[in-house]
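S.K.: The structure follows.
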Amino acid sequence: MKTAVLAMIALAFAPLSIAAQAPAKPGGGMAEEHAKAPVPPSKSVNVTFQGKTITLKVEDLLNLPQVTLHVHNAHRNTDETYSGPLLADVLGQVGLKATAETQPLILHSTVVATGTDHYFVVYSAAEVEPSFSTGQVIVAVMKSGLPNEEGGTIQLVNTVDAKPARWLHGLADLNVMSVAQTK
């Protein structure tokens, strides 16, 4: 039965992984990041969990506790500083909060983050929750102490990955999806 559940999960996410791939450049390989068109700016993010959706504007995100990350951007080979609330705190605004009772839910959930350009990335809910992970994922609204205009205003930035492939410019939607095991 577990094999069937895993197969269903793989089939469900197969189109997502194909759609999220960067376009190939002529002659093979992946397109360079600087060759992409600018990401349309996002001024708010929709957060959905268990059928409930809320919209948080930049001002709402600035009113949450702020975290500053000093990260290395391997695409640009430069060190950068971003500030914003933890993704876990943003998800808490729609009801996904870490407690003993919600631990199984967090362990069996994913967060699909979609940008204004329709590019998306996937995180496990556990890897963005500080009680489960030593890495940090923030909803960045500031870069180097200024509004984050370059990253599409609202951006996901993490300390989890060696490359910023799951940093998401122009964050528009966060959708928490849970996977229930069938018996």
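The values are calculated or read from the model by the stated rules, or taken from the named source; none is laboratory data. This is a predicted model, so every value here is computed, not measured. Please note: Cβ atoms are built from the backbone with ideal geometry, for glycine as well, and neighbour counts cover all protein chains shown. The accessibility values were calculated without ligands, DNA or RNA, using every heavy atom of the protein model including side chains. Shrake-Rupley method; radii C 1.70, N 1.55, O 1.52, S 1.80 Å.
S.K.: Let me know the charge dipole size of the stretch 64-183 about its Cα centre in debye, to the nearest 20, where only the beta-carbon of Lys, Arg (+1) and Asp, Glu (-1) is charged.
M.R.: Roughly 220 debye for the stretch 64-183.
S.K.: A further question on this structure: Under the rule a/c < 1.5 gives rounded, and otherwise a/b versus b/c splits prolate from oblate, where does the stretch 106-160 land using the Cα gyration tensor?
M.R.: oblate
S.K.: Given a 1.4 angstrom probe, what's the average accessible area per residue across the stretch 104-183, in square angstrom?
M.R.: 44 Å²
S.K.: Take the Cα radius of gyration of the stretch 63-108 and divide it by 2.2 N^0.38 Å, with N its residue count; two decimals is plenty.
M.R.: 1.56
S.K.: To continue, here is another question. Kindly write out, for the stretch 164-177 in residue order, the coupling ³J(HN,Hα) from the Karplus curve 6.51 cos²θ - 1.76 cosθ + 1.60 (θ = phi - 60°), rounded to whole Hz, with x marking Gly and Pro.
M.R.: Values per residue, Gly and Pro as x: x, 5, 9, 6, 10, 7, x, 4, 10, 9, 10, 10, 8, 10 Hz.
S.K.: Turning to a different aspect of this structure: Please list 3J(HN,Hα) in residue order for the stretch 121-136, calculated via the Karplus relation 6.51 cos²θ - 1.76 cosθ + 1.60 where θ = phi - 60°; whole Hz, with x for glycine and proline.
M.R.: Each residue of the stretch 121-136 in turn: 9, 10, 10, 7, 4, 5, 6, 9, 9, x, 6, 10, 10, 8, x, 10 Hz.
S.K.: Can I ask one more? State which entries of Lys43/Lys163; Lys143/Lys163; Lys52/Lys163 exceed 21 angstrom in Cα-Cα distance in the structure shown.
M.R.: Table pairs above 21 Å Cα-Cα are Lys43/Lys163; Lys52/Lys163.
S.K.: Normalised by the number of residues in the stretch 134-183, what is the relative contact order in percent for Cα pairs under 8 Å and 6+ residues apart?
M.R.: 30 percent
S.K.: I'd like the carbon and sulfur percentage of the solvent accessible area for the stretch 51-121, probe radius 1.4 Å, heavy atoms only, ligands and nucleic acids excluded.
M.R.: Percent of accessible area from carbon and sulfur atoms in the stretch 51-121: 51.
S.K.: Another question, then. Please give the residues of the stretch 146-165, grouped as numeric ranges, whose backbone N is less than 19 Å from a label point set 7 Å along the Cα-to-Cβ vector of Lys57.
M.R.: Hits in the stretch 146-165 for Lys57 at 19 Å: 147-149, 152-155.
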